[in-house]
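What follows is a set of notes on a single structure, which appears directly below.
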Amino acid sequence: MARFYFNLECKHNVADPGGLAFESELQAFRAAQRLANDLASAQPPLRGTTCVVVTRNDRGESYYVSV
């Protein structure tokens, strides 16, 4: 299983130090989408801003999901 890290890049960046293991990149991407939706619901000021959830696997590839 590959390890994926869910970071927030915005005005103040937040790094995920531990990451989570997923069977596939698609599963990790769907988790990032859920995280982005949860953040948008819990923190309405983040909606429509430049904040994104970054999903990065242990190969250093990045995927961006808007909040």
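The values are calculated or read from the model by the stated rules, or taken from the named source; none is laboratory data. Treat the numbers as computed from the prediction; the structure is a model and nothing was measured. Heads up, the Cβs are rebuilt from the backbone with ideal geometry, glycines too, and the neighbour counts pull from every protein chain shown. Each accessible area value is taken on the protein alone, full model and side chains, heavy atoms only, with ligands, DNA and RNA left out. Shrake-Rupley method; radii C 1.70, N 1.55, O 1.52, S 1.80 Å.
At a glance:
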item: Meets criteria (open to solvent by 30 Å² or more (accessible area, probe 1.4 Å) and of a type in the set (S, T, N, Q)) for residue 57; result: no
item: Flag for residue 38 being assigned to a loop (DSSP other than H, G, I, E, B), without any contact (Cβ under 8 Å) to a residue 60 or more places away in the chain and under 13 Å from the mean Cα position of the chain (by Cα); result: no
item: Within the stretch 43-54, considering residues that are in a loop (DSSP other than H, G, I, E, B) and open to solvent by 50 Å² or more (accessible area, probe 1.4 Å), the one modelled with the highest pLDDT; result: 43
item: Residue under evaluation residue 14, criteria (1) surrounded by 17 or more Cβ atoms within 10 Å (Cβ to Cβ); (2) touching a Leu at 6+ places or on another chain (Cβ under 9 Å), criterion not met; result: (1)
item: Hits in the stretch 28-42 - residues which are open to solvent by less than 80 Å² (accessible area, probe 1.4 Å) and closer than 14 Å to residue 64 by Cα; result: 28, 29, 31, 32, 33, 35, 36
